[in-house]
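Below is one structure, written out as C-alpha cells; comments come after it.
The values are calculated or read from the model by the stated rules, or taken from the named source; none is laboratory data. The model shown is predicted, which means the values in this text are computed figures rather than measured ones. Please note: Cβ atoms are built from the backbone with ideal geometry, for glycine as well, and neighbour counts cover all protein chains shown.
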Amino acid sequence: MSLSGSDGPVIVTERFELWKPQASDLDDMIRLIADEETRRFLGPAQPEAKGVFERLQRNGGSWALYGYGTFPVRRRGGGEIIANCGVFHTWRGFGRGMDDMPEAGWIVRKDHWGQGLAKEVMQAALDWFDQTHGQRRIACMIEEGNHASERVAAALGFSPCGSHDIGDEGNAVIVNLFERGTD
C-alpha cells in the first residue's frame, strides 16, 4: 500500500486506487448499484440519482467533518468506479455501539465479486484509518444472510457483537453487528 498526494488517489494497493469522493462520481456511483444482486443487502438503496446523490453528500460530509469516509475504488490506472469501501462516521440511531462512531462498509459491483477486492481494499483503508486517526473501535453491520461480507469482516478482524432489526411495519430486516477493537 502506498499513499498518494491530494490530486490523485489517497491510497494505492497492488491492484486498486482509493480516491476521496468527488461530485463527478455521481454517475459511476449510480452504475455501481445498478445491478439488483449488488443491491440485495443494501436495504432501500436504488440506482436513482436523488438517493445516490444523498449518499454521496453524506460521505462528503463524513470527510469534511471527521477527516475520513468511504473511498470510490478504481482499478489502477482506470477511470470507472467499481466499488465504494472504507470507514465513515455514522449515527444509526439504534444504539448498541452504532451511534456517533466510525463504521466500516463496502459495496463491490457484481462483476468484481470473488476477486478479493473487498478484503484488499478494506485492509488498506483500515490501515490508513489507524495510521491517520489512531486505532479505535470500528463498527460494522451486515444484513443477515450476506455470508460473503461476514467472511470479509472476519478476515479483517471484526467479531460479532449483536444484532438489530431495522425493518419497519412488521417486516423484519435483521442486521448482524460487528466490531473491531483496538487490541
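Yes or no: residue 112 modelled with pLDDT of 95 or more and either more than 15 Å from residue 154 (Cα to Cα) or not aromatic (Phe, Trp, Tyr) (or both)?
In short, no.
Looking across segment 101-153, the residues that are small (Gly, Ala, Ser) and not in a loop (DSSP other than H, G, I, E, B) come down to 104, 105, 118, 124, 125, 139, 148, 149, 153. Only a single item in (1) crowded, with 21+ Cβ neighbours inside 10 Å; (2) over 27 Å from residue 10 (Cα atoms) is not met by residue 142, and it is number (2).
Considering only segment 8-29, I want to know if a residue exists there that is more than 17 Å from the chain's Cα centre (by Cα) and at pLDDT below 90. Yes.
Every residue in segment 67-83 that is assigned to a strand (DSSP E or B) and over 14 Å from residue 35 (Cβ atoms), please. Once the filter is applied, which keeps residues that are assigned to a strand (DSSP E or B) and over 14 Å from residue 35 (Cβ atoms), segment 67-83 yields 70, 71, 72, 73, 74, 75.
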